[in-house]
1. Using the alpha carbons of the stretch 386-455, what is the convex hull volume per residue in cubic angstrom, as a whole number?
2. Would you list which aspartates and glutamates come within 15 Å of Lys304, measuring only between C-alpha atoms, while excluding same-chain residues fewer than 8 positions from it?
3. Under 20 Å from the Cα of Lys332, which lysines turn up, not counting those fewer than eight places away in the same chain?
4. Return the long-range amide H neighbours of Arg275 (sequence gap of 5 or more, or a different chain), with a cut-off of under 5 Å between placed amide H atoms.
5. Within 10 Å of each candidate Cβ there may be at most 15 other Cβ atoms; applying that plus a DSSP loop requirement, which GluC sites (Glu not before Pro) in the stretch 61-169 survive?
6. Starting from a Cα-only point model with no solvent, please compute log10 I(q)/I(0) by Debye for the stretch 74-204 at q = 0.09, 0.10, 0.19, 0.22 1/Å.
7. Under the rule a/c < 1.5 gives rounded, and otherwise a/b versus b/c splits prolate from oblate, where does the stretch 24-73 land using the Cα gyration tensor?
8. To the nearest Å, what is the center-to-center distance of the stretch 298-363 and the stretch 420-497, using C-alpha atoms only?
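A short reminder: the numbers here are calculations on the coordinates, not readings from a lab. None of the values given here were measured: they were computed from a predicted structure. So basically every Cβ, Gly included, is an ideal-geometry build from the backbone, and we count neighbours across all protein chains shown.
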Amino acid sequence: MSRSRIKAKYDVVVLGAGHNGLVAASYLGRAGLSVLLLEKNDYIGGATTSQKVFPDYNAQLSRYSYLVSLLPEKIIRDLGLKLELRRRATGSFTPYRQNGQHHGLLLSNVDEEVGRRSMAELTGGDREFEQMQKFYHLSRVFAERSWDSMLEPLVGKEDFHRRFNDDDVSREAWRSLTEEPLGWAVERYLQNDLVRGLVLTDAKIGVLTHPHDPSLLQNRCFIYHLIGNKTGEWKVPVGGMGAVARELEEAARRTGAELLTNVRIRHLGLNGTKRSVELDVGGKKENVEARFLLVNFGRNVLAKFTGKPFQPDPTDEGSVFKINMLLRKLPKLKAKKYTAAQAWCGTFHSDEGYEQMNASYACASQGRLPEKTPCEVYCHTLTDDSILGPDLREQGYHTMTLFGLDAPWSVFSRDNVMMRKEAEQKFLASMNQWLEEPIEDCLAVARDGSPCIESKSPVDIEDSLGMYHGNIFHDSLTWPFATAKREVGAWGVETGYENVFFCGSSASRGGAVSGIPGHNAAMKVLETLKS
Ligand SMILES: Cc1cc2nc3c(=O)[nH]c(=O)nc-3n(C[C@H](O)[C@H](O)[C@H](O)COP(=O)(O)OP(=O)(O)OC[C@H]3O[C@@H](n4cnc5c(N)ncnc54)[C@H](O)[C@@H]3O)c2cc1C
C-alpha cells in the first residue's frame, strides 16, 4: 500500500502485523470496520515467517516458529484459510547409549506398537509405556475440558475447577496440571530418566523453568503444548510458517484491511477520548486517528510509548536458542535400528534427560551456558519438501532446525556475539555425539564459502521482533482461566487504556501460533461497539 493512500481516520489501527494482528484485522474487516496495520519490519507475519535465509539457495525456511498445534479449527473455518497442516510420521526420536551401544527411543505418530516396542527395549518391559499413556491421559482430559473456552470470555478459576469434579482422573488432571508442580506427576508416573525428560521438554520450550518451579510456569507451558485442538499434536504447515502468514495476510486484505510495513511509530495518543498514532513511513510523518487501537507487540514495547515503566516478572524472561540450517544431505546416525528419515522427521531430542535438564537449568539460572545443552532438532522437509526448489529436492537437500533449551537472555546479554558462537558450538556438539559424521560436514555451502547456518539468541530475537528478552510468547504464559475476580467474564485483552486492547501474545491466553488473542481482541471490539 502506498503511503499517500493512508486515510486520516480508521475504525481500528493494529500496531504490529504478526499473525495475531492479521487474525484480529480479518475478523474486524469482515464485520465492516476499516482497519490499518502498522509494522516496523519490511515483512508481514512477525514470528510466523518463511524467509530465504541463505540467498544462494532456493529454500524458504520457517525462520522462527515452525510447527502448529494451537490454531483453532474455528479460526481456520471462520476466516476461510486454506491451510494444510500435515502430520509427522514420527512423534519423537531420542538417541541414547546403553552398554556401550547406540540406540534410539522412537515414538511413532502412526503406529503405537512401534513406540511400545521401542520403549520396552529401553526399559526392559511394557510398564513405562503404559504409565506414559496414563500420564498423557491427564493432559487429554484437561484439553477436553478447557480447549473450547480459549475463544470465550475468561471463566473464573473456581468455575473452571468444577469442570474437573466428576471423577478421579479429572480431579487428578486438575491437581497435577494446575495445583502441584508438574515434576510431582512426572515422577509419580514415570521411572526412566530419559522418558521423564522427554515428557518434561514440553514444559520448558522457550521458558526458563524446572520440574519443581513454585511459580508453576512449567505447568502453564506444558498445558499450552498439550491442549491444541484437544489433541496437542504439532503439525507441519505445508509451505512453511510463511504459508500461514500469507493466508492470513490475504484473508485480512480480502476484507479491505490496509497494511503498511517499514513503519516507525513515534507517538501513541492513548488518553482522553481520542486514539491516535504518529508515525514515520518513507521518511514522511503521518497522523492517524482510530476508535480502537489493537496492540500486537508486547507489553514491553507498549510501555515505551506510554511512558509507564514495564515491570517484568522473573518468569517473563525468554530462554531459547534457534539454529536454522540448510543441509546437502541428512546426517547418518550411530543408532542403526531406524532409518535417518524415521529418526529426523519427528522431534529429535538430545541431552534432554530429566536429571541432565535439572543440571542445565541450575547452570542457566546462574547466567551460565550449561556444559550439556539440551535441544530438539527438526527436519520438516521430510514431511513437506515444498519449501525447497525442485533442484534442491532432486539433489537431496534438507532444512534442519534446532531449538535449544536453558539458554536464557541473561546468558547472552553481556556479549551476544561471543556467547552466540559458543552456544552454537555447544548445541552442534550435542547433536554430533549421535552422528556418524559431524553435522558441519553435511551443511550446504554458500558461494562465498560460508556454511549455511544461522543462529539466533534471545537477544537477536528481541532485536528482530521486540519480544521481551527473547520470550517467544512475549511474556509469561497465563492460565486458561481467570486468576483474579476482575478478569472473570473479560476477554483478557484489556490494557488499562480505554479502547486499547492487546491482540497479540501479551494478552491472557496468548503465546504461540494460535490466533487466539487476535480473535479475542476482535470480539472485545465488537462487544464494545454493541454496548
Ligand atoms: C524461535 C521461535 C520459535 C518458535 N516456535 C514456535 C512453534 O514452532 N510453534 C508455535 O506455536 N509457536 C512458536 N513460537 C512462538 C510464536 O511464534 C509466537 O508466540 C507468535 O508467533 C507470536 O505472534 P504474535 O502475532 O502475537 O506476535 P509477533 O509475531 O511477535 O508479532 C508482533 C509484531 O509486532 C511488530 N513490532 C514490534 N515492535 C514494533 C513497533 N515498535 N512498531 C511496529 N511494529 C512492531 C513485530 O515486528 C511483529 O511483526 C516460536 C517463536 C520463536 C521466536
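1. Residue-normalised Cα hull volume stands at 126 Å³.
2. Candidates past the 8-residue exclusion: Glu278, Glu462, Asp463.
3. Straight-distance partners of Lys332: Lys426.
4. Under 5 Å from the amide H of Arg275 lie the amide H atoms of Ala290, each far enough along the sequence or on another chain.
5. Listed in order of number, the matching sites are Glu84.
6. One equal scatterer on each Cα of the stretch 74-204 leads to -0.37, -0.45, -1.15, -1.29.
7. It comes out oblate by the Cα gyration axes.
8. With the stretch 298-363 and the stretch 420-497 each reduced to a Cα centre, they are spaced 6 Å.
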